[in-house]
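The values are calculated or read from the model by the stated rules, or taken from the named source; none is laboratory data. What you see is a predicted model, and the numbers here were worked out from it, not measured in a lab. No Cβ is skipped: glycine too gets one built from the backbone with ideal geometry, and neighbour counts run over all protein chains shown. Ligands, DNA and RNA are excluded from the accessible area calculation, which covers all protein heavy atoms including side chains. Shrake-Rupley method; radii C 1.70, N 1.55, O 1.52, S 1.80 Å.
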Amino acid sequence: MTEEKPDVNNTGAPDGAQITDAPQDEAPINLSDFMITGRELLSRRVSRESQREDEVRQDLVHQRLFFYSIETFSRNKSGPIAEFSYLTADEDLNELEGRSGRFLMALPPDVLPDPVCAAAAGISPSEAQRTGLRENEFAEKILSVLPRGAFCRIGWNNVGFADERLRALLFRTFHEPYLSGRDGFERTRFDLQTFTRTVFTLRPGIIKEPQGKNILNLSELSKVNGIETGFKPRMMLELMRLFREKLPKMLSFYLSLRTRASMTEYLKRQSLKWIQIVTAAVWGEKLSAIPAMPLGPITGKGPDSGRWLMLSLAGEPSEYILNPSLLEEEAEAQEEERLDTGDSGNDDGASPSGDSEGKGAGAQLPKSYGLEKYGLFLLSPNRCPAVAPIATLSEERAKELGVSAKKAQANYQAYRKDWATSIAAIKLILKKALTERNRLMRDRFRNLTPEERLYEGFIPDSDRELEKELHLVEESSPLEVRDFRFSDERLNGMLFTYIGRNLPETMTDDELAEWKRLCDERIEKQLPEFRKRCGEAIQKFSGNEKAMAILKEFNVER
């Protein structure tokens, strides 16, 4: 019997796609090299170039798996990254020789590191300053180690954490922030932590689980399963090999659903027909499973376009959906409250009544603009959600998780009894939630710096071309970078900070004085939170010698 392996084959790449081979670090040439013949020296260099070209050719033909991990110096998604580590493997999970590494980023002068993040990462700011790259060099280095053709990037909570930090870095360094690819090659992602959580939820006991609450800690999980710890990308590769051995069909199933298109097609086939179990939908270490019904995708051009509306079938049916008159009463009460208080709306994004579950919401649902109050939530097909037919759960496991297929079916029938009324109520709820969401996002973007406004909209195509030109000019005539002007005001707003962080030697005396003033102003603003986090770091890492040594650099004492 042949071993069953997950299907991660490339869907094909167009002929003639233009791929530029970004430069990689070369081994230094010793002075003794000049003692040998010129022909021999040339032969060595040609050999290195041929090896690079061969890597590119192979990348264009074969699907690659890119395992990566990010450590940061900040809790802010737009904050500085501390370290990037990576490993490239082929589709059979064989590590490719010479395709792994790690490198650090130096802290920008206008940012204070978060003490808790620094201690948790085990990276001291002094080490980062001594050996780290400037932010623009760091971004270029990351782009240079990515496979050239089709690849799937795999991380540990990369969808919720690492991908967000990487996008923010590329955005503020004037690169295309989305790695989905515009050259015809398929670029996908897979969240190994989400898959692991799903395994623990649906198939407990298949692999060993760490003791205690933190069962999704990569190092602890690797340790109990006999995987060498230390280099996170290799730990993820070994864990994926373990899943391939123990659960080949389950791994293949979820790998096949890793793209927006494949997950959307799956949900369409299940829509209004089969009850699904959604796992890993709620943040936290607790395992959960929510019986739910896919209703349909949100259409239009808004930021939520393509996300799927899900109807929870846990607990009791939502009275707001069964009895839409409650929605009218709620709207009237909220309007009266606004008139009495002079409040223009709910600025914290919570449910209007403050009740996160509401009448008949059942199990804890992921926060979705207050939809959870009415037993609804949103699912993003492009974020590797874990969805499976309810029959996947054994009766015993369903009981342990508090999931009742019988109750879910009864709830579904209750909604279907007067389906027209239910759908009308759901549409009203969704419209209200998305209207409020748009208002909140507009207010939020007003208070953000340009670097933090990535999700305000896509960068215009004309500006994308200008960004490419900017990097070419930066190499040949860096003094001219300041002359660039974009149609997207976010990019214009980021340019001065970009030059200050990455090209300070090109600044005039007046510009340097303004940059120093801006750095001092930003540091002063960050100080209160920095001092607070210093105290939290002492409590969290007391007894951890390495962490406390790092904290001493902040003049933090016990």
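Annotations
- Pairing each residue of region 521-545 that is of a type in the set (A, V, I, L, M, F, W, C) with any residue that is exposed (fewer than 12 other Cβ atoms within 10 Å of the Cβ), provided the two are 6+ apart or on different chains, yields C-beta distances under 7 Å for Ile538/Arg558.
- Among residues of region 76-91 that are over 11 Å from Pro113 (Cβ atoms) and open to solvent by 10 Å² or more (accessible area, probe 1.4 Å), those with a Cβ under 6 angstrom from a residue that is at pLDDT 95 or above and aromatic (Phe, Trp, Tyr), sequence gap 6+ or separate chain, pair up as Tyr86/Tyr68.
- Residues of region 424-448 satisfying the condition of being more than 27 Å from Leu322 (Cα to Cα) and either among the hydrophobic types (A, V, I, L, M, F, W, C) or at pLDDT 90 or above (or both): Leu440, Met441, Phe445, Leu448
- Checked against (1) of a type in the set (A, V, I, L, M); (2) out of contact with any strand residue (DSSP E or B) (no Cβ under 8 Å at 6 or more places or on another chain); (3) modelled with pLDDT of 90 or more, Met293 meets all criteria but (2).
- Test: residue in region 207-217 that is under 19 Å from the mean Cα position of the chain (by Cα) and closer than 27 Å to Asn76 by Cβ: yes
- Taking the criterion of being aliphatic (A, V, I, L, M) and in contact with a strand residue (DSSP E or B) (Cβ under 8 Å, 6 or more places away or on another chain), the residues of region 188-219 that qualify are Leu192, Leu202.
- Annotation note: of Arg416, Arg437, the sole residue that is under 29 Å from the mean Cα position of the chain (by Cα) and over 29 Å from Leu255 (Cα atoms) is Arg437.
- Condition met for Arg416 (touching a Ser or Thr at 6+ places or on another chain (Cβ under 9 Å) and surrounded by fewer than 13 Cβ atoms within 10 Å (Cβ to Cβ)): yes
- Contact map, region 167-181: residues that are closer than 11 Å to Phe138 by Cβ paired with residues that are of a type outside the set (A, V, I, L, M) and not in a helix (DSSP H, G or I), Cβ distance under 7 Å, separation 6+ or inter-chain. Pairs shown: Leu170/Glu176; Leu170/Pro177.
- Scanning region 459-512 for residues that are of a type in the set (Lys, Arg) and either without any contact (Cβ under 8 Å) to a residue 60 or more places away in the chain or touching a helix residue (DSSP H, G or I) at 6+ places or on another chain (Cβ under 7 Å) (or both) gives Lys468, Arg482, Arg485, Arg490, Arg501.
- Residue match in region 432-453 (condition: touching a helix residue (DSSP H, G or I) at 6+ places or on another chain (Cβ under 8 Å), of a type in the set (Phe, Trp, Tyr) and free of Cβ contacts under 8 Å to residues at least 24 places away in the same chain): yes
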